[in-house]
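The values are calculated or read from the model by the stated rules, or taken from the named source; none is laboratory data. Quick caveat, the model's predicted, so the values are computed rather than measured. We place every Cβ from the backbone using ideal geometry, glycine too, and count neighbours over all the protein chains shown. The accessibility values were calculated without ligands, DNA or RNA, using every heavy atom of the protein model including side chains. Shrake-Rupley method; radii C 1.70, N 1.55, O 1.52, S 1.80 Å.
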Amino acid sequence: SIVAKQADRLQAIIEDLLALSRIEQSEGSGVLPLEPTRITDLLAVACSDCMPRAMEQGITMNITCDASLIALVNGPLIEQAVVNLIENAVKYSGTHQPISICAGLEKISPEGKEELTISVADNGCGIHAEHLPRLFERFYRVDKGRSRQAGGTGLGLSIVKHIVQAHGGTISVESRLKEGSLFCLRIPYVR
């Protein structure tokens, strides 16, 4: 059973590394296939993918997004980014703690330029400030022992970062110990 567990872990690492490689190739070539995507549907699918594990811990997920919000994005990649963020929120939230997933448009210039923002917030254990600058590095773990027990590969947040960069955007995190974390994706909005 130990060998099977380690084989599953290696398979997860390989899959994450391959995904990261594909995203970096798209990022480098500047050719990322985009299509009009209803963001509320994308968020609902991401929550649905994470629901079984959340239900085990009594965690509810609340989505706030205008049903008419449509953005030109690579839907499967953005969905993967949101799934990675929700999975982390579920892992590091306490039982019966809600997770909030919000999306909307923010004006970023007087000329009317906007960006799509998608955020995932939890009320979990939080992340110490010293770890925040390195959080999106490959294989970086805040708590090495606990992350490995939770089944992570150490690549999830790096994948999120590269997905967002491939869209010409940025990701940020705000966190306070024992209060939770807020991850926010910002992507230029194209009508």
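Here's the picture: a label point sits 7 Å out from the Cα of residue 138 along the beta-carbon direction, and within segment 38-81 nothing has its amide nitrogen under 13 Å of it. Here the 3J(HN,Hα) profile of segment 108-113, calculated from phi with Karplus coefficients 6.51, -1.76 and 1.60 at θ = phi - 60°, is 10, 8, x, 6, x, 4 Hz, Gly and Pro shown as x. Accessible surface computed residue by residue for segment 93-143, with neighbouring protein chains in place and a 1.4 Å probe, gives 54 Å² per residue. What the Cβ-Cβ distance of residue 66 and residue 32 gives, at R0 = 35 Å and to the nearest 0.05, is a FRET efficiency of 0.90.
3J(HN,Hα) couplings calculated from phi for segment 74-79 with the Karplus curve 6.51 cos²θ - 1.76 cosθ + 1.60 (θ = phi - 60°) are, in sequence order, 8, x, x, 5, 5, 4 Hz; Gly and Pro show x. In order along segment 167-178, the phi-based Karplus estimate (6.51 cos²θ - 1.76 cosθ + 1.60, θ = phi - 60°) of 3J(HN,Hα) comes to 8, x, x, 9, 10, 9, 9, 10, 8, 9, 4, 6 Hz; Gly and Pro are listed as x.
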